[in-house]
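The values are calculated or read from the model by the stated rules, or taken from the named source; none is laboratory data. Keep in mind it's a predicted model, so treat the numbers as computed, not measured. Glycine also receives a Cβ, built like all others from the backbone with ideal geometry; neighbour counts cover every protein chain displayed. SASA here: full protein model, heavy atoms, side chains in, ligands and nucleic acids out. Shrake-Rupley method; radii C 1.70, N 1.55, O 1.52, S 1.80 Å.
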Amino acid sequence: SKTLSISPDFSIKQTSETRSILNSHTKEILKSAEDRLLNLLTSEQYVSPNVKSIFPKSIDKSNTLCFLKISIATNVSELDLGIDESYELIIPDSKNDDYQLTAYLKAQTVFGVLHGFNTFSQLLYYNRSKLLLPFAPHDIKDFPRFSHRGLLLDTSRNYFPIKDILTTLNIMSWNKFNVFHWHITDSPSWPVVSEVYPELSNKGSYDPKYMIYTKDDIKKVIEYAKSRGIRIIPEFDMPGHTHSIAESMPEIMTCINKQPNWSTFANEPPSGQLNPALPETYTFLHKLLPELTSYFVDKYYHSGGDEVNLNCWNSTPSINEYLSQNPGFSIETLLAKFINETHGIVRKSKKIPIVWQEMVVEHKLPLNNDTIIQVWTTKEKTKEVVSKGYRVITGSSDFWYLDCGHGAWLGNDVNGSSWCDPYKTWQKIYSYNPIDGLTDEETKLVLGGEVHLWTEQTDPTNLENLLWPRASAAAEVLWSGPYDTSKKIRTPDKGALARLTDWRFRMVDRGVNAIPLQPLWCARTGMCDVLNPQ
């Protein structure tokens, strides 16, 4: 019930035990996070539309918060799946004895502290030229329900400069996302510069000088993300979605940009798949993939595998010739050969593969049990995959595809719609349950999920509009889980709307082009609900 003011001289301290156990790398992560929080305190002037009438006209000097004291139990400086991200934030409403009023942030790892800093910053409001912290005292014990909380961004269909990716990572950290799934190449363009095959980006990118990602660019993204508690998982989708390779190496490709009947050979133009029957294809993979995996530090590597068009391969003479000369082979066994070869290279590079669901759901490939399967369709497919014993990343296109509902992007289609209509509102996104219909044992195999932004109709001009605050709804589901502490399913109710509205306005105050959820009158009054919701 008490409102605290933040001292103009507010500072962050570490316990002596914390200082003694942290190595230089961990100290560097902590120092950069401390600097970001202190900079935010000097710039934050957030006035909420729906947190009001709570601030006293004056605040006693004894209610001035002067310090935040940090305690970290273990020295962990490397991000990994399942790392401890928990924290406890204690903000008293009165000081002890003669000491100045101090808040305490305790965590097992520095990455828990990062989340605690973000929570602390989101408790602050600006009023009458002062930064205030209402509703004291606080005792927050917090930890994520899911260890994989991701956002996928496709940077092939439209190019995104590094500065936009870094900005996205920064906003992701405020939302407690911890994985950036970088869908870095696809059929339209190959923006990654390879030193082994420089012609890939020279001919396959939209612009070999300005629309590329170099090895140094990727390193910058990884380091920036890590300092914010975010892992970078790259995806180089193969064998489908690879037309961009055909620009420089057509000899190992099939069904290259078939027009006008592209839909016979691909889900969207331009068509083109790697040829699994040619020895030259595997020579290419054995040279390229070790280089690509070396660019990234995370131990997981997404090898794609979605939407492989078998008709494309069935209509390729060299593949038919191979099959006639190898009676034991079929199109499906050729696909298995390609995937096994690819995963063998990935594993030799000390990485664990992630693939899209088609590999085990449609093609029934017997992949190694530690392979992670990403399910992008229904809860029934999630159930099918976990029943086979695989770990799963979820993110149904019916709920968590942010590109849906903006009409057709293909030409000559006046009345066309996007394939995944309708538009996914924050309420639809919030209502997704990643573990719906699973047993307790099956639930243990669900690592988490990802919200997806495919970029047929997205570039830097509307990136933030499409992501925020809708992705924040998914972030809350992934952090807090689909069930509350009484084991009731969470719903996009009045409380969730109030939280998300407040958070949206705070992000706007921080410079994010987050879209409004309702008219301002509704945000202020909370009086815009459906009378009889369905």
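Taken over segment 262-366, lysine pairs spaced eight or more positions apart, or on distinct chains, with alpha carbons under 22 Å apart number 12. Between Ile352 and Tyr300, Tyr301, the built amide H atoms are under 5 Å apart, and every one of these is 5 or more places off in sequence or on another chain. Taking only Cα atoms, what is the 0 to 90° angle, nearest 10, from helix 162-174's long axis to the longest principal axis of the chain? The answer is roughly 50 degrees. Put simply, the amide H of Thr316, placed in the peptide plane, has no neighbours under 5 Å, leaving out anything fewer than 5 places away on its chain. Computed from backbone phi with θ = phi - 60° and the Karplus coefficients 6.51, -1.76 and 1.60, the 3J(HN,Hα) list for segment 462-467 is 10, 4, 5, 4, 7, 7 Hz; x is used for glycine and proline. Calculated accessible area for segment 241-288 comes out at 40 Å² per residue, all protein chains present (probe 1.4 Å; ligands, DNA, RNA ignored). With the whole protein complex present, Val297 retains an accessible surface near 120 Å², based on a 1.4 Å probe. Relative to the Cα centre, the charge distribution of the chain, modelled as +1 at Lys and Arg Cβ and -1 at Asp and Glu Cβ, gives a dipole magnitude of about 1760 debye. Rolling a 1.4 Å probe over the protein heavy atoms of the chain, with every protein chain left in place, gives an accessible area that is 51 percent carbon and sulfur. Ellipticity at 222 nm from helices only: DSSP H runs of n ≥ 4 in the chain, each -39500 (n - 2.57), divided by the residue count, give -10000 deg cm²/dmol. Taking segment 387-534 as the region of interest, the number of lysine pairs whose Cα atoms are within less than 27 Å, with members eight or more places apart or on different chains, is 11. For Val414, the accessible surface of its heavy atoms amounts to roughly 140 Å² (probe 1.4 Å, protein chains only, rounded to the nearest 10). How high is the relative contact order of segment 227-328, in percent, counting Cα pairs under 8 Å that sit 6 or more residues apart? Relative contact order of segment 227-328: 37 percent. When the residues Phe67, Phe329 are ordered by accessible surface, computed with a 1.4 Å probe over the protein chains alone, the sequence from largest down reads Phe329, Phe67.
Helix 110-121 and the longest principal axis of the C-alpha atoms of the chain enclose an angle of approximately 60°. Taking each residue as 0.36 nm, the span from Ser43 to Ser349 lengthens on full extension beyond its C-alpha to C-alpha distance by 105.7 nm. Close Lys pairs in segment 27-185 (alpha-carbon distance under 12 Å; sequence gap of 8 or more, or different chains): 4. Per residue, the convex hull spanned by the Cα atoms of the chain amounts to 166 cubic angstrom. In this structure segment 11-163 gives 46 Å² per residue of accessible area when probed at 1.4 Å with all protein chains present. The listed residues His343, His25, once ranked by accessible area (1.4 Å probe) with the largest placed first, stand as His25, His343. Among beta bridges identified by DSSP and lying wholly in the chain, the antiparallel ones come to about 30 percent. In this structure, the amide hydrogen of Tyr483, modeled 1.01 Å from its nitrogen in the peptide plane, lies closer than 5 angstrom to those of Arg490, counting only residues at least 5 positions away or on a different chain. Listed values for segment 212-227 are Karplus-derived 3J(HN,Hα) couplings in whole Hz (6.51 cos²θ - 1.76 cosθ + 1.60, θ = phi - 60°), namely 9, 10, 8, 4, 5, 4, 5, 4, 4, 4, 4, 5, 4, 5, 4, 5, and x replaces Gly and Pro. Using θ = phi - 60° in the Karplus curve 6.51 cos²θ - 1.76 cosθ + 1.60, the 3J(HN,Hα) couplings for segment 13-29 round to 10, 10, 5, 4, 5, 5, 4, 7, 9, 7, 7, 5, 5, 5, 4, 5, 4 Hz; x is entered for Gly and Pro. Were the residues from Glu332 through Ser86 laid out at 0.36 nm apart, the gain over their Cα-Cα distance would be 84.1 nm.
Against the criterion of solvent-accessible heavy-atom surface with a 1.4 angstrom probe, Ser71, Ser58, Ser201 sort, most first, into Ser58, Ser71, Ser201. What the Cβ-Cβ distance of Asp529 and Glu199 gives, at R0 = 56 Å and to the nearest 0.05, is a FRET efficiency of 0.45. Each residue was assigned an accessible area with a 1.4 Å probe, and for Asp421 the value is about 70 Å².
Helix 331-348 and the longest principal axis of the C-alpha atoms of the chain enclose an angle of approximately 50°.
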